[in-house]
Amino acid sequence: MQAGKPILYSYFRSSCSWRVRIALALKSIDYETVPINLIKDQGQQFSQEFQALNPMKQVPTLKIDGITISQSNLSILKQVGQENQLTWAQKVIHTGFNALEQILRSTAGKYCVGDEVSMADLCLVPQVANAERFKVDLTPYPTISRINKTLLALEAFQVSHPCRQPDTPPELRA
């Protein structure tokens, strides 16, 4: 039973939201975006209206076919604390990328797993953007960098990019 056009409650910079936008674009699913600013008004995800939709108070939240689905990772950054975020993020990303670079040596083709876009690719691109945001040196990760560049050339990854979202601040737009 179709319950109308899907609605994605999203924050432009959320890597979790970006993964959902990529998936929707790859599947050519037309959807409406409702921006939820995680910073403005002490976090719009804490509003009573949004909590009624998602008691977890997280983005992304996707309403599709009468079902509401949600997931997020911003809460971890808040727990780490502002003063420790850069160091913590760099360490966690380096640890993950060191392992992933080794794995990709045996699985990669054009993309992470062969020559078809997979869920791994939907996760890779937003994580590389996080790495860039947290000033991680990507030089030790040539396979990750190559795959990321290839994926960013695909339309689904371009239209879903944080710099092209309706809630992207003007100074960060493409």
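The values are calculated or read from the model by the stated rules, or taken from the named source; none is laboratory data. Predicted, not measured: the structure shown is a model, and the values here were computed from it. When we count neighbours, we look across all protein chains shown, and the Cβ atoms used for this are built from the backbone with ideal geometry, even at glycine. Surface areas here come from the heavy atoms of the whole protein model, side chains and all, with no ligands, DNA or RNA. Shrake-Rupley method; radii C 1.70, N 1.55, O 1.52, S 1.80 Å.
Can you tell me which of (1) open to solvent by less than 90 Å² (accessible area, probe 1.4 Å); (2) out of contact with any Asp or Glu (no Cβ under 6 Å at 6 or more places or on another chain) is the one I103 doesn't meet?
(1)
Quick check on E116: is it open to solvent by 80 Å² or more (accessible area, probe 1.4 Å) and on the phi < 0 side of the Ramachandran plot?
Answer is yes for this residue.
Does region 41-63 hold any residues that are part of a helix (DSSP H, G or I) and touching a strand residue (DSSP E or B) at 6+ places or on another chain (Cβ under 9 Å), and which are they?
Answer for region 41-63, where residues must be part of a helix (DSSP H, G or I) and touching a strand residue (DSSP E or B) at 6+ places or on another chain (Cβ under 9 Å): Q44, Q45, F50, L53.
Looking at L8, L38, can you tell me which residue is surrounded by 16 or more Cβ atoms within 10 Å (Cβ to Cβ), more than 11 Å from the chain's Cα centre (by Cα), modelled with pLDDT under 95 and outside any helix (DSSP H, G or I)?
Among L8, L38, only L38 is surrounded by 16 or more Cβ atoms within 10 Å (Cβ to Cβ), more than 11 Å from the chain's Cα centre (by Cα), modelled with pLDDT under 95 and outside any helix (DSSP H, G or I).
List pairs: first in region 3-23 and at negative phi, second open to solvent by 40 Å² or more (accessible area, probe 1.4 Å) and of a type in the set (D, E), Cβ under 7 Å, 6+ apart or cross-chain?
A3/D65; K5/D30; K5/E32; I7/E32
Residues being open to solvent by 40 Å² or more (accessible area, probe 1.4 Å) and closer than 30 Å to E116 by Cβ: count how many of those fall in region 41-65.
2
Taking the condition closer than 26 Å to L86 by Cβ, open to solvent by 50 Å² or more (accessible area, probe 1.4 Å) and at pLDDT 95 or above, does D137 pass?
yes
Residue under question is L77, and the condition is that it be at pLDDT below 90 and of a type in the set (A, V, I, L, M); does it hold?
Yes.
Against the definition (surrounded by 16 or more Cβ atoms within 10 Å (Cβ to Cβ) and in contact (Cβ under 8 Å) with a residue 40 or more places away in the chain), how does L86 come out, yes or no?
Judged against the criteria, L86 is not a match.
Assuming I76 fulfils every condition listed in (1) open to solvent by 50 Å² or more (accessible area, probe 1.4 Å); (2) over 16 Å from S15 (Cβ atoms); (3) not in a loop (DSSP other than H, G, I, E, B) apart from one, which condition is it?
(2)
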